[in-house]
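Visitor: One structure is given below, represented as structure tokens, and several questions about it will come after.
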Amino acid sequence: MSDPKQARHLLQVAEEDLGALQAQKDSTVFVDRVFGFTVQQAAEKILKACICLSGSTYPHPHDLSILFDALGEGEADLMESHAGLVQYTAFAGALRYQPADPKMKPLDRENAIALVEALLERARQRLAEKL
């Protein structure tokens, strides 16, 4: 059974994460590790909300590809349009505890924020349809 109440809760917290992302645009203030972790957290919450709305129970791993897969084949377009978020899974694990690597290519913060915003909007639409 769909769980709009839980989905609404997750989306509210994801909206707070999005606000934090928008405040973290300046890479001289917020290192990529912090920004990347916040992207991962926002996407994780949004995907779990979508899974709640689909009537399933979401898995607990922080791996975004697992969460996209849990949405099922009916949501394949969601994965295609937001596949760029999967790379942020690393920030929930190994990269979360690593110091900044000057050799690492800087994150595309504008693109990451746009992907999170678009995913959040789709989840909001789904929630509105369930209410």
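Visitor: Select from the stretch 1-99 those GluC sites (Glu not before Pro) which occupy a DSSP coil region and have at most 12 other Cβ atoms within 10 Å, ordered by residue number.
Guide: Sparse-neighbourhood loop GluC sites (Glu not before Pro): none present.
Visitor: Could you size up the charge dipole of the chain around its Cα centre, putting +1 on the beta carbon of Lys and Arg and -1 on that of Asp and Glu, and report it in debye to the nearest 20?
Guide: Around 320 debye, computed over the chain.
Visitor: Determine which lysines satisfy two conditions relative to residue 5: a Cα distance under 19 Å, and not lying fewer than 8 residues away in the same chain.
Guide: Qualifying lysines at Cα under 19 Å: 45, 48, 130.
Visitor: How big is the shadow of the Cα convex hull of the stretch 1-49, averaged over all directions, in nm²?
Guide: 3.1 nm²
Visitor: Tell me the label-point distance for the pair residue 87, residue 60, using the 7 Å Cα-to-Cβ offset, in nm and rounded to one decimal.
Guide: With each label point 7 Å from Cα toward Cβ, the separation is 3.1 nm.
Visitor: Among all stretches of the chain without exposed trypsin sites (Lys or Arg not before Pro) (DSSP loop, at most 16 other Cβ atoms within 10 Å), which one is longest?
Guide: 26-102
Visitor: Right, here's the next one. So which lysines pass the test for residue 25, namely a Cα distance under 18 Å, with those fewer than 8 places away in the same chain ruled out?
Guide: Here the lysines satisfying the reach criterion relative to residue 25 are 105.
Visitor: Suppose we look only past 18 Å in the calculated P(r) of the stretch 1-95. What percent of the Cα-Cα pairs does that tail hold?
Guide: Counting pairs separated by more than 18 Å, the tail of P(r) holds 47 percent.
Visitor: Could I ask something else about it? Roughly speaking, what is the stretch gain from residue 105 to residue 28, that is 0.36 nm per residue apart minus the C-alpha to C-alpha distance, in nm to one decimal?
Guide: Gain on stretching residue 105 to residue 28: 26.3 nm.
No lab work stands behind these numbers, since they all come straight from the coordinates. Source: prediction; values computed, not measured. Note: ideal-geometry Cβ built from the backbone for every residue, glycine included; neighbour counts use all protein chains shown.
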